[in-house]
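The values are calculated or read from the model by the stated rules, or taken from the named source; none is laboratory data. Computed from a prediction, not measured in an experiment: that's the story for all the values here. Virtual Cβ from ideal backbone geometry, glycine too; neighbours counted across all protein chains shown.
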Amino acid sequence: MSIRTYLQDHPAPLVWAWQLAEKILPRMRPLFERLGMERSSAIVKLPEEIFKGSIFNCQDCAQCILHYNGMTCPMNCPKQLRNGPCGGVRLNGKCEVKPEMDCVWVKGYERSRKTRYAHEFYRLNPPVDWRLDGLASWVTFAMGRDQITTGAENGIRYATEAVRTGRKPAPAAPKEEK
Ligand code: SF4
(Lines give C-alpha, C1' and ligand atoms only; values in the text may rest on other atoms or scores of the structure.)
Protein backbone atom coordinates (compact mmCIF):
# COMPACT_ATOMS: atom_id res chain seq x y z
CA MET A 1 0.00 0.00 0.00
CA SER A 2 1.37 3.43 -0.94
CA ILE A 3 1.77 6.21 1.64
CA ARG A 4 -0.89 8.18 -0.23
CA THR A 5 -3.41 5.34 0.05
CA TYR A 6 -2.52 4.77 3.69
CA LEU A 7 -3.05 8.43 4.56
CA GLN A 8 -6.34 8.60 2.71
CA ASP A 9 -7.55 5.41 4.35
CA HIS A 10 -6.77 6.97 7.75
CA PRO A 11 -8.06 10.48 7.09
CA ALA A 12 -8.10 11.89 10.64
CA PRO A 13 -4.88 13.98 10.23
CA LEU A 14 -6.06 15.16 6.81
CA VAL A 15 -9.37 16.28 8.25
CA TRP A 16 -7.49 18.10 10.98
CA ALA A 17 -5.36 19.84 8.32
CA TRP A 18 -8.52 20.84 6.45
CA GLN A 19 -10.09 22.27 9.61
CA LEU A 20 -6.97 24.32 10.17
CA ALA A 21 -7.04 25.57 6.58
CA GLU A 22 -10.73 26.39 6.93
CA LYS A 23 -9.82 28.74 9.80
CA ILE A 24 -6.69 30.28 8.34
CA LEU A 25 -7.53 30.79 4.67
CA PRO A 26 -10.45 33.22 5.10
CA ARG A 27 -8.09 35.51 7.02
CA MET A 28 -5.95 35.72 3.91
CA ARG A 29 -8.85 37.05 1.87
CA PRO A 30 -7.94 40.77 2.14
CA LEU A 31 -4.44 39.99 0.92
CA PHE A 32 -5.70 37.81 -1.94
CA GLU A 33 -8.18 40.50 -2.91
CA ARG A 34 -5.44 43.10 -3.02
CA LEU A 35 -3.23 40.90 -5.19
CA GLY A 36 -6.05 39.53 -7.33
CA MET A 37 -7.03 35.90 -7.85
CA GLU A 38 -4.54 35.14 -10.63
CA ARG A 39 -1.50 36.63 -8.90
CA SER A 40 -2.40 35.11 -5.53
CA SER A 41 -2.81 31.73 -7.22
CA ALA A 42 0.58 32.01 -8.84
CA ILE A 43 2.14 32.52 -5.41
CA VAL A 44 0.16 29.89 -3.53
CA LYS A 45 0.17 27.28 -6.27
CA LEU A 46 3.52 25.67 -5.55
CA PRO A 47 2.93 24.79 -1.87
CA GLU A 48 -0.61 23.73 -2.73
CA GLU A 49 0.63 21.45 -5.47
CA ILE A 50 3.29 19.93 -3.25
CA PHE A 51 0.80 19.22 -0.47
CA LYS A 52 -2.40 18.37 -2.30
CA GLY A 53 -0.72 16.96 -5.37
CA SER A 54 1.33 14.46 -3.43
CA ILE A 55 -1.37 13.38 -0.99
CA PHE A 56 -4.56 13.62 -3.04
CA ASN A 57 -3.29 13.64 -6.62
CA CYS A 58 -5.07 17.01 -6.91
CA GLN A 59 -6.04 17.87 -10.49
CA ASP A 60 -6.25 21.65 -9.92
CA CYS A 61 -9.98 22.10 -10.40
CA ALA A 62 -9.87 24.96 -7.83
CA GLN A 63 -13.27 24.06 -6.39
CA CYS A 64 -12.22 21.63 -3.75
CA ILE A 65 -14.73 19.15 -2.38
CA LEU A 66 -12.22 16.77 -0.81
CA HIS A 67 -13.69 17.08 2.65
CA TYR A 68 -17.18 16.21 1.37
CA ASN A 69 -15.82 13.06 -0.16
CA GLY A 70 -13.80 11.37 2.56
CA MET A 71 -10.68 13.39 1.61
CA THR A 72 -10.71 11.64 -1.77
CA CYS A 73 -10.35 13.81 -4.87
CA PRO A 74 -13.30 13.22 -7.23
CA MET A 75 -11.39 14.71 -10.15
CA ASN A 76 -9.41 11.47 -10.33
CA CYS A 77 -12.58 9.85 -11.67
CA PRO A 78 -11.93 9.36 -15.40
CA LYS A 79 -15.38 10.85 -16.03
CA GLN A 80 -14.74 13.60 -13.46
CA LEU A 81 -18.11 13.05 -11.84
CA ARG A 82 -18.91 15.34 -8.93
CA ASN A 83 -21.99 13.60 -7.56
CA GLY A 84 -21.35 9.97 -6.89
CA PRO A 85 -20.30 7.08 -9.07
CA CYS A 86 -21.61 6.38 -12.54
CA GLY A 87 -23.75 3.35 -13.31
CA GLY A 88 -20.71 1.48 -14.54
CA VAL A 89 -18.94 1.07 -11.22
CA ARG A 90 -18.04 -2.62 -10.87
CA LEU A 91 -19.38 -4.90 -8.16
CA ASN A 92 -15.87 -5.15 -6.72
CA GLY A 93 -15.75 -1.35 -6.34
CA LYS A 94 -13.44 -0.83 -9.32
CA CYS A 95 -13.74 1.78 -12.05
CA GLU A 96 -15.57 0.99 -15.28
CA VAL A 97 -13.04 2.90 -17.40
CA LYS A 98 -9.88 1.81 -15.56
CA PRO A 99 -10.58 -1.65 -14.09
CA GLU A 100 -7.35 -1.58 -12.09
CA MET A 101 -8.42 1.56 -10.25
CA ASP A 102 -10.69 1.83 -7.21
CA CYS A 103 -13.75 3.97 -7.91
CA VAL A 104 -13.05 7.30 -6.20
CA TRP A 105 -16.67 7.52 -5.07
CA VAL A 106 -16.64 4.07 -3.49
CA LYS A 107 -13.40 4.95 -1.70
CA GLY A 108 -14.79 8.37 -0.84
CA TYR A 109 -17.87 6.82 0.74
CA GLU A 110 -15.84 4.36 2.81
CA ARG A 111 -13.41 7.03 3.96
CA SER A 112 -16.11 9.61 4.63
CA ARG A 113 -17.51 7.25 7.32
CA LYS A 114 -14.27 7.86 9.22
CA THR A 115 -14.63 11.65 9.18
CA ARG A 116 -16.91 14.14 10.87
CA TYR A 117 -18.12 15.14 7.41
CA ALA A 118 -19.85 11.84 6.68
CA HIS A 119 -23.22 13.59 6.12
CA GLU A 120 -21.63 15.91 3.56
CA PHE A 121 -21.08 12.96 1.26
CA TYR A 122 -24.70 13.38 0.12
CA ARG A 123 -24.27 17.04 -0.83
CA LEU A 124 -25.38 18.05 -4.29
CA ASN A 125 -22.17 19.40 -5.76
CA PRO A 126 -22.35 21.98 -8.54
CA PRO A 127 -20.71 21.20 -11.87
CA VAL A 128 -17.10 22.28 -12.22
CA ASP A 129 -16.66 25.88 -13.24
CA TRP A 130 -13.87 25.36 -15.75
CA ARG A 131 -13.02 29.07 -15.79
CA LEU A 132 -11.27 28.44 -12.47
CA ASP A 133 -9.31 25.46 -13.73
CA GLY A 134 -5.65 25.73 -12.78
CA LEU A 135 -6.10 28.39 -10.09
CA ALA A 136 -5.19 27.62 -6.48
CA SER A 137 -8.12 26.20 -4.55
CA TRP A 138 -6.77 27.79 -1.36
CA VAL A 139 -7.29 31.16 -3.02
CA THR A 140 -10.71 30.45 -4.56
CA PHE A 141 -11.86 29.08 -1.19
CA ALA A 142 -10.57 32.09 0.74
CA MET A 143 -12.29 34.44 -1.71
CA GLY A 144 -15.53 32.45 -1.75
CA ARG A 145 -15.12 32.03 -5.49
CA ASP A 146 -15.31 28.24 -5.31
CA GLN A 147 -19.03 28.48 -4.55
CA ILE A 148 -21.04 28.97 -7.73
CA THR A 149 -24.80 29.32 -7.92
CA THR A 150 -26.47 25.98 -8.37
CA GLY A 151 -29.76 24.19 -8.41
CA ALA A 152 -29.38 23.94 -4.66
CA GLU A 153 -30.68 27.52 -4.56
CA ASN A 154 -34.17 26.49 -3.53
CA GLY A 155 -32.78 25.11 -0.31
CA ILE A 156 -32.02 21.56 -1.40
CA ARG A 157 -28.41 20.90 -0.61
CA TYR A 158 -28.38 17.15 -0.16
CA ALA A 159 -29.39 14.31 -2.45
CA THR A 160 -31.02 12.59 0.53
CA GLU A 161 -33.30 15.61 1.01
CA ALA A 162 -34.35 15.64 -2.65
CA VAL A 163 -35.27 11.94 -2.41
CA ARG A 164 -37.12 12.37 0.88
CA THR A 165 -39.17 15.41 -0.08
CA GLY A 166 -39.55 14.72 -3.80
CA ARG A 167 -38.61 18.36 -4.47
CA LYS A 168 -36.42 19.04 -7.45
CA PRO A 169 -33.53 21.49 -7.35
CA ALA A 170 -34.34 24.78 -9.11
CA PRO A 171 -32.63 25.48 -12.44
CA ALA A 172 -29.17 27.00 -12.08
CA ALA A 173 -28.90 30.79 -12.30
CA PRO A 174 -26.53 32.27 -14.91
CA LYS A 175 -22.92 32.28 -13.74
CA GLU A 176 -21.06 35.46 -12.99
CA GLU A 177 -18.16 36.36 -15.23
CA LYS A 178 -14.69 35.74 -13.79
S1 SF4 B 1 -9.01 21.20 -5.82
FE2 SF4 B 1 -10.27 19.88 -7.14
S3 SF4 B 1 -8.77 18.58 -8.16
FE4 SF4 B 1 -7.74 19.43 -6.35
S5 SF4 B 1 -8.05 17.97 -4.66
FE6 SF4 B 1 -9.71 19.45 -4.55
S7 SF4 B 1 -11.40 18.49 -5.73
FE8 SF4 B 1 -9.48 17.45 -6.33
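Would you say Gly93 is of a type in the set (Gly, Ala, Ser) and more than 23 Å from Asp133 (Cβ to Cβ)? Spell out the reasoning first.
Numbers: of a type in the set (Gly, Ala, Ser): yes; more than 23 Å from Asp133 (Cβ to Cβ): yes.
Yes.
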Here the qualifying pairs (Cβ atoms under 8 Å; residues six or more apart or on different chains; first in the stretch 123-137 and part of a loop (DSSP other than H, G, I, E, B); second among the aromatic types (Phe, Trp, Tyr)) come out as Leu124/Tyr158; Asn125/Tyr68
Glu100 vs. criteria within 17 Å of Val15 (Cβ to Cβ) and either assigned to a loop (DSSP other than H, G, I, E, B) or in contact (Cβ under 8 Å) with a residue 24 or more places away in the chain (or both):
no
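Counting only residues that are within 14 Å of the ligand (Cβ to nearest atom) and surrounded by 18 or more Cβ atoms within 10 Å (Cβ to Cβ), how many does the stretch 81-111 have? It would help to see each step written out before you state the result.
First, pick out the residues of the stretch 81-111 that are within 14 Å of the ligand (Cβ to nearest atom): 81-83, 104-105, 107-108, 111.
Remaining after also requiring surrounded by 18 or more Cβ atoms within 10 Å (Cβ to Cβ): 82, 104-105, 107-108, 111.
Adding up the residues that qualify gives 6.
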Conditions (1) modelled with pLDDT of 95 or more; (2) part of a loop (DSSP other than H, G, I, E, B); (3) under 28 Å from Ala21 (Cα atoms) -> Lys107 fails only (2)
With respect to Lys114, is the statement that it is modelled with pLDDT of 85 or more, over 16 Å from the mean Cα position of the chain (by Cα) and at negative phi true?
yes
Quick one: Glu120 ticks every box in (1) within 14 Å of the ligand (Cβ to nearest atom); (2) not in a helix (DSSP H, G or I) except a single one, so which number is it?
(2)
